[in-house]
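Please read the structure below before turning to the comments.
The values are calculated or read from the model by the stated rules, or taken from the named source; none is laboratory data. Computed from a predicted structure; not experimentally measured. Cβ: placed from backbone, ideal geometry, glycine included. Neighbour counts: every protein chain shown. Surface areas here come from the heavy atoms of the whole protein model, side chains and all, with no ligands, DNA or RNA. Shrake-Rupley method; radii C 1.70, N 1.55, O 1.52, S 1.80 Å.
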Amino acid sequence: MERYQSTRIGFVPKSSSFQHSTKVVPISNPQRKIQTNAFPPLDPSLISTFSTNSTTTTTTTSFYCPPVVYSVTFTSGVYSPILCSIWTSFTASLTCSNYTSFSLNGTYDPNGYTATDRTVVNGVAIALRTSTTYVGNSNGITWRVGSCGGSELTTTGSICQCATGNTLRPCVGGASFGGLASSSCSAPTQVITLSFE
């Protein structure tokens, strides 16, 4: 009577629903290699690290968010429906759930501010996309998102107000598009750039 041996391979990539696979094969020859069911190949774009040893194979999956940039020139005293439309498209495109940072800078503050706390970064992205309220602190700056004719991002501490500081709200109408290192109402002509990655 032949002897049987069971082998089990644990290989469960995060991007799949594969379970353990077991196949029983007769061992009539002790030198015979144990056969196991083959797994289909993984999508290489989902694998960031890959390591093996004699008993296990593991994968670590990460998701890359392509950069998204809003960079326009605002003219003092002028409301631009085109810049509002570009802003609306920009905020609607913030669909990744794993942004690592965002930066706000422009003519009057070339170095600007960068947020790197991922909870805050993605909280801001979601709030901008959905025109909802959000407050979070990253890198010593308190960021606020709210609705003011459309989504507004500010560090001034108040939404839809004429406060001095850093504000971006292209859809509010009139001359109150915001501004960097300046009043957010009747601000001078300037470039403002907001980027997520």
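Checked against (1) modelled with pLDDT of 95 or more; (2) touching a Leu at 6+ places or on another chain (Cβ under 9 Å); (3) buried (at least 17 other Cβ atoms within 10 Å of the Cβ), Thr59 meets all criteria but (1). Of all residues in the stretch 89-107, those that are assigned to a loop (DSSP other than H, G, I, E, B) and either in contact with an Asp or Glu (Cβ under 8 Å, 6 or more places away or on another chain) or open to solvent by 20 Å² or more (accessible area, probe 1.4 Å) (or both) total 9.
Selection of the stretch 139-175 for residues being open to solvent by 50 Å² or more (accessible area, probe 1.4 Å), under 19 Å from Thr116 (Cβ atoms) and free of Cβ contacts under 8 Å to residues at least 24 places away in the same chain yields Gly140, Thr142, Arg144.
Which members of the stretch 108-118 meet the condition of being surrounded by fewer than 21 Cβ atoms within 10 Å (Cβ to Cβ) and within 16 Å of Glu197 (Cβ to Cβ)? Gly112, Tyr113, Thr114, Thr116, Asp117, Arg118 - these are the residues of the stretch 108-118 that are surrounded by fewer than 21 Cβ atoms within 10 Å (Cβ to Cβ) and within 16 Å of Glu197 (Cβ to Cβ).
Please tell me if Asp117 is touching a strand residue (DSSP E or B) at 6+ places or on another chain (Cβ under 9 Å) and farther than 20 Å from Ser71 by Cα. Yes: the conditions hold for Asp117. Taken over the stretch 176-185, the criterion of being closer than 22 Å to Asn137 by Cβ and open to solvent by 10 Å² or more (accessible area, probe 1.4 Å) is satisfied by Ala181 alone. Of the strands (runs of 3 or more DSSP E) lying entirely inside the stretch 150-197, those carrying at least 3 residues that are among the aliphatic types (A, V, I, L, M) are 190-196.
Is it the case, given these coordinates, that Pro67 is at pLDDT 95 or above and either open to solvent by 70 Å² or more (accessible area, probe 1.4 Å) or touching a Gly at 6+ places or on another chain (Cβ under 8 Å) (or both)? It is true that Pro67 is at pLDDT 95 or above and either open to solvent by 70 Å² or more (accessible area, probe 1.4 Å) or touching a Gly at 6+ places or on another chain (Cβ under 8 Å) (or both).
Considering only residues that are open to solvent by 20 Å² or more (accessible area, probe 1.4 Å) and more than 25 Å from the chain's Cα centre (by Cα), which ones fall in the stretch 186-197? The answer is Ser186, Pro188, Thr189. Suppose we keep only residues that are in contact with a Leu (Cβ under 7 Å, 6 or more places away or on another chain) and not small (Gly, Ala, Ser) within the stretch 125-142. Which one would you say is farthest from Ile192 (Cα to Cα)? Result: Arg129.
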